[in-house]
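The values are calculated or read from the model by the stated rules, or taken from the named source; none is laboratory data. This structure is a prediction, so every number in the text was calculated from the model and none was measured. Virtual Cβ from ideal backbone geometry, glycine too; neighbours counted across all protein chains shown.
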Ligand code: FPP
């Protein structure tokens, strides 16, 4: 009954676009990497085993996105709400960036990938920040894919921070309240130097945004798949890209 609202069910693989169809590659792809816990549970493994497997998938999708010419890949790795998880799981999730970057940073440098962080730095452990900051520093000259890790990120927190900064700047006379428009608000968000996502992918069958890029996703195309993140492959990624290429984007027009 809900099938027609579900843009991408696992048995309904979208067709590859025909030769003459627009082959436009989305500039910015954002992914909610969901389903690690369920993947682990299905296999009788602890939840962290799902996160570890999910980390391997990050590697594959980064490479694929870079290869096909995506400019920005934003990955929701840890939300402002994820602190509510059991302490050992949070500690493991906070180790993932260094586990990933310790191994993959040389390859990211070589592949011309530029690492960025989106999220509140406060509360992130020092060892996590150290790993991410090292990657940011070592890849800052790179001109290929921007790999934007959303860590301790929440859209409402981001909007609160932006509103507070705008209020401060109005009070200080830096900007006038009449000048506040979409572009001013966008310039106070953590994505101020990035285009809005063209395509959002969420794995694991959940169809919600979970406080992710609420402002920036206003006109993005959404693809939901039942595939759990640790099972997500380059093939699934390309299916989402092909689905995106078949969408007619109207931005509220006709
Ligand atoms: C949601 O699945 C997933 C997360 C909260 C963590 C996502 C992190 C990764 C995929 C690895 C990130 C890698 C790097 C390099 C930082 P869930 O745990 O909520 O799954 P469930 O809904 O099945 O329980």
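Couple of notes before you dig in:
- In segment 41-53, the residues that are more than 8 Å from the ligand (Cβ to nearest atom) and more than 18 Å from the chain's Cα centre (by Cα): 42, 43, 44, 45, 46, 48, 49
- Check on residue 185, in contact with a strand residue (DSSP E or B) (Cβ under 7 Å, 6 or more places away or on another chain), under 21 Å from residue 72 (Cα atoms) and at pLDDT 95 or above: no
- Residue within segment 106-116 that is within 12 Å of the ligand (Cβ to nearest atom), loosely packed, with under 13 Cβ neighbours inside 10 Å and modelled with pLDDT of 95 or more present: no
- Scanning segment 137-190 for residues that are loosely packed, with under 15 Cβ neighbours inside 10 Å and under 17 Å from the mean Cα position of the chain (by Cα) turns up just one, 156.
- Per-region count, segment 65-105, residues under 15 Å from the mean Cα position of the chain (by Cα) and more than 9 Å from the ligand (Cβ to nearest atom): 8
- Hey, residue 199 at negative phi and touching a helix residue (DSSP H, G or I) at 6+ places or on another chain (Cβ under 6 Å) or not: yes
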